[in-house]
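Visitor: Mind having a look at this structure? Questions to follow.
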Amino acid sequence: MKTMIFAAAALAASAMAAPALASDPTGLWQTPTNGGQVRIERCGSALCGTLVTSSHIRANPDVRDARNKDESQRGRTLRGLRMLSGFTGGPSEWRGGSVYNPEDGGTYRGTITMTNDNTLRLRGCIVAPLCKTQTWTRVQ
């Protein structure tokens with residue numbers, strides 16, 4: 001009997017200590033660099049993200065993707081640029097996606113991890129362990 005009570009108490013304690021599942025990552029997110037805001041949405045069965053604004057876009061709404069490693073892409077505007085694509089998984093981590101960084105014109109393999117309802121970690125890697133991680137906060 002004591003064993004059953006102990007087991008029930010341990011189970012209840014672990015359930016209370018377990019983190020709640022983070023919310024859906026879709027929405028508008030503030031990045032930590034250049035005042036960027038990215039809208040994450042569902043694109044079919046995957047997640048994708050589009051650059052909505054940044055300090056560069058506010059200064060010049062027609063600013064172009066001048067650092068893209070692909071010369072044929074350098075004429076496209078940064079506003080509305082698809083920065084995240086192909087992330088699958090969930091409910092708190094999405095993998096297998098691509099992260100485009102207009103600062104250096106590179107595309108990296110990425111992971112999105114929801115840390116809570118209003119915070120996510122975006123990790124982009126050339127190859128592990130050559131990775132960078134940013135923490136984004138929900139705007140809406």
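The values are calculated or read from the model by the stated rules, or taken from the named source; none is laboratory data. Computed from a predicted model, the values in this text were never measured in an experiment. Every residue, glycine among them, receives a Cβ derived from its backbone with ideal geometry; neighbour counts consider all protein chains shown. Only protein heavy atoms, including side chains, enter the accessible area calculation; ligands, DNA and RNA are left aside. Shrake-Rupley method; radii C 1.70, N 1.55, O 1.52, S 1.80 Å.
Visitor: Within segment 117-127, is even one residue under 20 Å from ARG42 (Cβ atoms), small (Gly, Ala, Ser) and in a strand (DSSP E or B)?
Guide: Looking through segment 117-127, none of the residues is under 20 Å from ARG42 (Cβ atoms), small (Gly, Ala, Ser) and in a strand (DSSP E or B).
Visitor: I'd like to check something: does segment 80-93 contain any residue that is aromatic (Phe, Trp, Tyr) and more than 12 Å from the chain's Cα centre (by Cα)? Quick ask: steps written out before the conclusion?
Guide: Taking segment 80-93 first, the residues aromatic (Phe, Trp, Tyr) are 87.
Then keep just the ones that are more than 12 Å from the chain's Cα centre (by Cα); that gives none.
Within segment 80-93, not a single residue is aromatic (Phe, Trp, Tyr) and more than 12 Å from the chain's Cα centre (by Cα).
Visitor: Same structure, new question: Are there any strands (runs of 3 or more DSSP E) wholly within segment 18-102 with 3 or more residues that are farther than 16 Å from LEU122 by Cβ and open to solvent by 70 Å² or more (accessible area, probe 1.4 Å), and if so which?
Guide: none
Visitor: Looking only at segment 44-84, which residues are farther than 15 Å from GLY27 by Cα and either among the basic types (Lys, Arg) or touching a Cys at 6+ places or on another chain (Cβ under 6 Å) (or both)?
Guide: Selection gives ARG58, ARG64, ARG67, LYS69, ARG74, ARG76, ARG79.
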